[in-house]
Amino acid sequence: MSKQKRKLAAIVFTDIVGFTKLTSIDQSRASDLLNEQRSLLKPIVEKNNGTWLKEMGDGLLLIFDTVTDAVNAAIGFQHTVKEVDHLKLRIGIHQGEILITNNDVIGDDVNIASRIEPFSAPGGIAISNKVNDALVREKDFETKYVGKPKLKGVGQEVKIFCITSHGLQETKLSEVSAKLETNKTKLYLGIAAALLISLTSYILVSGGGNESESIAVMYMDVNSSENDDLSYLETLTEDLIFDLSSRSSGYLRVAETATVKKYKNSDQEIQEIAEKMNVDYVFKSSLKPDVGGYHLRCRLYDAYYQKDAFSNKWFIESKNLQSITGVLVQNILKELNIDLLDGYQKIEYNAEAYENYLRSKNLYTTSENEDDNLEAIKLMRTAVSMDENIVMAILYLGQMLYEIGDEKASVYFERALSKSKSLQDNAGIAESLRKQGMFLRSKKDFDGAINKFSESLAISTVMNDKNSMAKTFNSIAILNYRSNDLDKALQNWLHALSLSEELDDKPKISKYTNNIGIWYRKDNDFSKAIEYYNKSLLIKEELKDNRNLSKTLNNIGEVYFDMGDYVKSIEMFNKSLDIKEKLNDSKGKAASYFNRGKTYFFDREYENSISDLRQSSYLNESLPNIQKNNRYIGMSHYYLSNIDSSKFYLEDCYEFYSGNIEKEISILPYLIDSYLEIGDRNKSEKLMNVFIGYIEESEPKEEDYLITNWIAHKIFKKYRKDDLSEEFLENAYLSIKSRSKNIKNKKDRKKYLDTKLNVDIIKSFKQM
């Protein structure tokens, strides 16, 4: 019979940070490290009257008679291993009753100590409230409250602190990957928009709580034959990701589709994927067709314990294809001890309708041309007409129509909302409201849009669906930006970014940092704009998101343009253009050629400007795009003294922009001088009177405001209308002065002032 002993002890758990990764890279070094840890730490344990009880891989279980001895030993550990390569420790300490039996210890307090250890920073020490209470009496120790989490497998309340004295690292909750017990929440319908203020305050102040677990759902492996391409069934993965995220009361962090896509068909080991994606679990599944249905297999891998939490297999009849995501959602959440939200029910869909929905999604996502897009829309219409219970199909159809500017999008968003309410589908309600808000925003109905967004945010906040909350904050920020409420725009983008960082949602982080970059450009803080754009750029490069990568490169190019750094601006436009060439994105290439051509114009490289602008018109033959190019082509010919060519392009533009005073103002000075050059003083005088009349009513607001005033100054000087000439020169000078004052960074300000145009204007004004 084994001898048992019960006693009060201070329990210490340690863990080597990054040991698993080291083992996969250098097994020999990992083995040596364990020996080194033993030789360094054992004497410290003995010196402080402790017991070296157990080695568990790279972890240690130690017990001490007093809290002081345990803490002193732990501090000694951290100081000793500080300079040892790869030997960085997390340490957790708790005091409680233990039962010692056969060189092992058991008891609830041992479990508590093990759960505390992950809350330690690398190089730090985390302690329970019991240990902290003992240290309070010791003046040499300083501690800081970390939080009161629900620890997995622990029934009692435990407050966690970290030791901040003795040169120890402080715990940062944002970097804690500890496993927490979930709170079970229920969601009830009938949420009032008035909830928004209090709910938003909660999320902003408290962060809405910590998720207990995190998971990456890998793309489903679909076994297609040469005769039957079933690759479209892979889109089931996207539905599964959405359902897991929105139906788990916010207590499961689910990696976004765009992040997971990076690992599609990857041959990397599952543990490696988990570490790279910083998740607790990785879910893999496969679908194999058979007579009458599909064989569905899955495994849920626990990265913490490095083993499968469960594996299972089912046979799903063809008519029940839609049930796959429901089966998987319920099994995953059951294993993780997370309750499904009330109102979650898997509706029996028409099998053919559901298949059309999946085919449409897949086609639209992979589309390379307009014909594919139209076919995808046709398929989705068919799916919706066959079965309106597929709320996601209605929403998806609305989104596709919204993206092509079809007014019927609003009809489908309303239908999705109505159907979601009838099904008590809270996630569907929140998303439908957000889509309605987007549509109203596009119609400049900002009051209507904010009401929809507020309702959506209130529901997703109660659900604790942080992904939905982040998307809605972004939607509100865009509305704020377009209505020129810039302070609120930045605030809401920062809220969206913060939530996405909590979720480690890299595609969304990239998107929102890009948007914040746009805000800082608007605020003339060019360095900040580039800082945020570069953050977005790095993530897009990591995700190989080339389409959006080219957009961010273009945004950076525009900032350098604003600064007057035309060399760097053109460099960015070149990079953007290279990507769009590879993507065969005609409209995207047209935009890049325009941006580069415009930059060449301001850099006085007029022939290069004309070449790029003509290419832009060739790639995008829409009349607005052609005329946008022609205006700069005409102005470039003017500076090249090609008066006939200049007049040809600018006359056409002038007619096209008739009634658009801002555009007319920017064209008129060149036409005035062109007619003067060819000796047509009547037309010149007539246009001059029009120009002066416009100036009295308004002033140029175009981005080429400076150059418009500058050329007007030179032309009126040629006419010997000195008063008007000086007035336009002063306009240009004062504009430079005002703009430079608003540029936040001194170096950026200097670059702006040193552009060729600005130097000429400033010099002329001082000589006036």
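Please treat every number below as a calculation from the coordinates, not as lab data. Since the structure is predicted, the reported quantities are computational estimates derived from the model, not experimental observations. Note that each Cβ is placed from the backbone with ideal geometry, even for glycine, and that neighbours are counted across all protein chains shown.
Taking the inverse of the mean reciprocal distance over all distinct Cα pairs, the Kirkwood hydrodynamic radius of segment 213-337 comes to 14.8 Å. Its relative contact order, with pairs defined as Cα atoms under 8 Å and 6+ residues apart, puts segment 642-720 at 31 percent.
Roughly how many debye, to the nearest 20, is the charge dipole of segment 348-418 about its Cα centre, given +1 on each Lys and Arg Cβ, -1 on each Asp and Glu Cβ, and no other charges?
Details: 6 positive and 14 negative charges, 33 e Å.
The calculation lands at about 160 debye.
A full extension of the chain between K488 and D372 corresponds to an added length of 37.9 nm, given 0.36 nm per residue minus the alpha carbon distance. The base-10 log of I(q)/I(0) for the chain, evaluated at q = 0.10 Å⁻¹, reads -1.12 [Debye formula, identical scatterers on Cα atoms, solvent excluded]. Taking the Cα atoms of segment 398-530, the ratio Rg/Rh between the radius of gyration and the Kirkwood radius comes to 0.99. The string of couplings for segment 297-309 from the Karplus curve (6.51, -1.76, 1.60, θ = phi - 60°) is 10, 8, 9, 10, 9, 9, 6, 5, 8, 6, 7, 5, 6 Hz, one whole number per residue in order, with x for Gly and Pro. Here the residues V84, V146, ranked from fewest to most Cβ neighbours within 10 Å of their Cβ, fall in the order V84, V146.
How far, in nm, would the chain grow between E352 and K334 when pulled straight, counting 0.36 nm per residue and subtracting the alpha carbon separation? Could the numbers behind the result be given before it?
Working: separation 18, 0.36 × 18 = 6.48 nm, distance 2.97 nm.
The E352-K334 span can extend by a further 3.5 nm.
Label zone (S286, point 7 Å along Cα-to-C-beta; backbone nitrogen cut-off 17 Å) within segment 312-332: 312-316. Cα extents for segment 323-477 along the principal axes, largest to smallest and rounded to whole angstrom: 44, 39, 28. Listed by chain and number, the lysines placed with their C-alpha closer than 19 angstrom to that of K139 are K130; residues fewer than eight positions away on the same chain are left out. For the chain, the dipole from Cβ point charges (+1 on Lys and Arg, -1 on Asp and Glu) about the Cα centre works out to 1480 debye, to the nearest 20. Counted by neighbouring Cβ atoms within 10 Å, the residues T80, T513 run from fewest to most as T80, T513. For segment 516-553, trypsin sites (Lys or Arg not before Pro) meeting the loop criterion (DSSP other than H, G, I, E, B) and having at most 11 other Cβ atoms within 10 Å: K544.
Under the 0.36 nm per residue contour assumption, what length would be gained going from the current alpha-carbon distance of Y304 and K737 to full extension?
On the way: separation 433, 0.36 × 433 = 155.88 nm, distance 5.97 nm.
Contour length minus the Cα-Cα distance gives 149.9 nm.
A simple spin-label model places the labels of L538 and Q767 4.7 nm from each other, with each point 7 Å out along Cα-to-Cβ.
Which whole-number percent is the relative contact order of segment 213-337 (Cα, under 8 Å, 6+ apart)?
Values: 199 pairs, mean separation 33.2, N = 125.
That works out to 27 percent.
Each of Y566, Q330, G588 was placed along the dipole of the chain (beta-carbon charges, centred on the mean Cα), and the one lying farthest toward the positive end is Y566.
Here the spin labels are modelled as points 7 Å beyond Cα on the Cα-Cβ line, and at A258 and E138 they lie 4.9 nm apart. Sites count as exposed loop sites when they are GluC sites (Glu not before Pro), lie in a DSSP loop, and have at most 15 other Cβ atoms within 10 angstrom; the longest stretch of the chain without one is 408-620. Computed over segment 4-142, the alpha-carbon pair-distance distribution with 5 angstrom bins reads 2, 10, 21, 23, 20, 13, 7, 3, 1, 0, each value a whole percent.
Scanning residues 5 or more positions from V217 or on other chains, those with amide H under 5 Å from its amide H are A255, F283, with H placed 1.01 Å from N in the peptide plane. Placing a label point 7 Å from the Cα of K444 along the Cα-to-Cβ direction, the residues of segment 399-417 whose backbone N falls under 19 Å of that point are 405-407. For segment 574-629, just say rounded, prolate or oblate: build the C-alpha gyration tensor, square-root its eigenvalues into a ≥ b ≥ c, call rounded for a/c under 1.5, and beyond that prolate if a/b exceeds b/c, oblate if not. Since a/c reaches 1.5 but b/c is at least a/b, the shape of segment 574-629 is classed as oblate.
Would you work out if segment 348-418 is rounded, prolate or oblate? Take a ≥ b ≥ c from the square roots of the eigenvalues of the alpha-carbon gyration tensor; rounded if a/c is under 1.5, else prolate when a/b is larger than b/c, oblate otherwise. Could the numbers behind the result be given before it?
Details: a/c = 2.33, a/b = 1.13, b/c = 2.06.
Cα axes put segment 348-418 in the oblate bin.
Sorted fewest first by neighbouring Cβ atoms within 10 angstrom, M572, M218 come out as M218, M572. Taking each of K506/K751; K683/K718; K408/K444; K568/K750; K144/K307; K288/K435 in turn, the alpha-carbon distance tops 24 angstrom for K506/K751; K144/K307; K288/K435. With the crude spin-label approximation of a point 7 Å out along Cα→Cβ, what separation in nm comes out for E531 versus R547? So the two model labels end up 3.1 nm from each other. Calculated mean residue ellipticity, 222 nm, the chain: -19500 deg cm²/dmol, from DSSP H runs (n ≥ 4) at -39500 (n - 2.57) each, averaged per residue and rounded to 500.
Under the Kirkwood approximation applied to all pairs of distinct alpha-carbon atoms, what is the hydrodynamic radius of segment 617-681 in Å? It would help to have the intermediate numbers written out before the result.
Working: mean 1/r = 0.0844 Å⁻¹.
Final number for the Kirkwood radius of segment 617-681 is 11.8 Å.
Which of the three applies to segment 600-767, rounded, prolate or oblate, going by the alpha-carbon gyration tensor with a ≥ b ≥ c and a/c under 1.5 meaning rounded? The shape class here is oblate. Pairs of Cα atoms nearer than 8 Å and 6+ residues apart set the relative contact order; for the chain it is 6 percent.
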